[in-house]
Amino acid sequence: MGDRLGTSWHRYGGLAGVAAVCLIAFASAAGLARAAAATWYVAPWGSDGNSCSDPAQPCATINSAIGKASAGDTIEVAVGIYTSSGDPVVLVNKSLTLAGGWDSTFSSRTGLSIVDGQSGRLGVHVSGVAVRIERFLVENGIGLDGGPPPSYSYAGGILVDGVGASLELNSSSVKNNHWGGVWSSGPLTVTNSTIAGNTAKNGSGGGLTIHAAPLAVRNSTISGNTADYGGGILITPIATTVQLSNVTIVGNVATNTYSPAAGYGGGIWSGGNSPLHIRNSIIAGNTALHLDPNVPISPVVSEGFNIETGFEPTADDIYTNDPRLDALADNGGPTETRALLKDSPALDGGNPDGCSDENGVPLDTDQRGVERPLRFACDIGAFEAEPPANDDFTDAISLDGLTSPQVGSSEFGTKEDGEPDHAADSGGASIWYCWEPSFTGTGYVSTEGSSFDTLAGVYTGLSVSSLTTRAGNDDATLATLTSKACFPVAAGTTYMIAIDGLGAAVDPANGEGSVTLAWGQYTSNDPCAILPPTISGTPQVGRTLAASSGTWAGLPSGFGYQWIECDEFGCGDVEGAITASYTLPPGAEGTQFYVRTSAASSSTATPSAAATASTATTNPLPRPGGEGEASSGRAAADRCGALPGRPH
Ligand SMILES: [Ca+2]
Ligand SMILES: [Ca+2]
Ligand SMILES: [Ca+2]
């Protein structure tokens, strides 16, 4: 955690925002230079007999608008499904922009415009012209079936061919097409888009095929495509330039459905000698019958910060086939994406100097349009995980006026510079609340019902690095991992409440999750932890350590103690060490000790519930006085903090 904390980060990057503004200004200037360019309109409720030059008089078909348009024009297409009895559904033979996703009045972009091949024809044919396609879903197309090898088949989603052809595909999806998603013999640029669920025959890759032309893919997801060669991307044998920046290529398959000897390159298959330039990208979790499932044989120039197998990793690459991603889903934005799981190595794994495209232009958002970078660095691949809204102390959610309990999430939370350990654990994924009680007495906070091993800390103070601790608790009782902390409150004072997870920085899978937070006035006589116990004494073999009981609300009828030892293999209770003092035995050098105290309830009616009855707590403290180990000289607190088995 320490090195990550040493890196400053900004949720809303200032310099990155300035760069984006400049780019927009240039784009507008270019648009003004082509003052003659016209805009045409298409909507499902339109008519090809309309002028199509007025948003209120749109064409019904995209082809009809193309017929009226001139090179350089833009065709705005309303949300809806566009089909055709001819083949292809859309033939683009002028250099145009097809801008989809518009609402019925063409005043805002609300979704995707769908070109549906209905499993009977090609979706879009870009024939010898330079085209930009934005906010379209091209699905269920079927391309030319060339028959068995050595004949070629061509993509059913989008076909780009002919002299002078090129395609910029932006904020679009190409899904569930037959004989491949996109096949291009002209320059192809894919940005903020998803290519998924396409299947291919010989001659086509499942997702993208690039033939003798440059390919650049940025901030895009290529997932669940299948082909004989190149489940995700096929690069034909003619030399070209390929650049992948923040691309997620996961879950694609190379098999031998159509060619018995096939099954190479689940992620990428390249038949050429052109090196693939890959940066900040995930090419993992693909499958193939032969060789490496992700990138076999292909010459790769790693530009760093990739998750992959299949090429020699640089020092900055992560060599694994398990990128820990969620399934393809609507996570916001116009296209589907694969979200990071909370323990994904992609989290903050991108270039710490910032993620950029092949031209060095910063990628200021992820595929969805979410700000990059968030947390400590940009994430690897197309998706940037968002920390909770109340991750930072200054963004604490006020509980005043809310009804207890409230449900939140600590997933992708962080620990700030100067932030204290909560309940004596280093944690690492805190979220913050603030509360101004209207009563004077004893208050409580509880995380009962939360999905993970929580920590709770309660403070007063105005800055995360200068807080006064009012309460801290790890586990509310010996039988639970959730927390309950009590504290004296004065009406009108603001208390800052941190909820973190035990060991969250080193084990986010078990230290982050759904938080249920209850709060209010504490009126029970059952013991409720205020502050953890402290340990005094010199930690040397043969010397005796003494634990305090900690401080408690309620009326404890007695206290229990359990000493705990931790070594490099984990932690465990010390048998028989159940009193307030403990003499360190021979052989204890280098071992970390904790103490857990519990308080029995005087209100417990039945004898069998006595010692650990209704309320107990576990408040292990790190080494007292900076001397947590006997003589090895290593920093015991650091060692134990990294152990997964720290006691509860
Ligand atoms: Ca990040
Ligand atoms: Ca935090
Ligand atoms: Ca706990």
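What follows draws every value from the coordinates through simple rules; no lab data is involved. Worth saying up front: this structure is predicted, and the values here are computed from it rather than measured. Here Cβ is always computed from backbone atoms with ideal geometry, including for glycine, and neighbour counts include all displayed protein chains.
Name the shape class, rounded, prolate or oblate, that the alpha-carbon gyration tensor gives for the chain, where a ≥ b ≥ c are the square roots of its eigenvalues, rounded holds for a/c under 1.5, and otherwise prolate holds if a/b is larger than b/c and oblate otherwise.
Here the chain falls in the prolate category.
Using Cα centres only, tell me the gap between the stretch 90-167 and the stretch 519-538 in whole Å.
Here the two parts' Cα centres lie 66 Å apart.
As a test, work out the antiparallel percent of DSSP beta bridges whose residues both lie in the stretch 74-340, rounded to the nearest 5.
In the stretch 74-340, DSSP labels about 5 percent of beta bridges as antiparallel.
For helix 14-33, report the angle its Cα long axis makes with the longest principal axis of the Cα atoms of the chain; keep it between 0 and 90° and round to the nearest 10°.
Around 10 degrees separate the two axes.
Based on other C-beta atoms within 10 Å, arrange Val458, Val506, Val407 from fewest to most.
Val407, Val506, Val458
Where both residues lie in the chain, what percent of DSSP beta bridges are antiparallel, nearest 5?
40 percent
At a 10 angstrom cut-off on C-beta neighbours, averaged per residue, how do the peptides 526-537, 356-367, 378-389, 579-590 rank from highest to lowest?
Final packing ranking: 378-389, 526-537, 356-367, 579-590.
I need Trp563, Trp179 ordered by Cβ neighbour count within 10 Å, fewest first.
Trp563, Trp179
Please give me, ordered by residue number, the chymotrypsin sites (Phe, Trp or Tyr not before Pro) of the stretch 64-139 that lie in loop per DSSP and have at most 16 other Cβ atoms within 10 Å.
Passing both the DSSP loop test and the Cβ count: no residue.
For each of Glu139, Glu336, count neighbouring Cβ atoms within 10 Å of the residue's Cβ, then give the residues from fewest to most.
Least to most surrounded, the residues fall as Glu336, Glu139.
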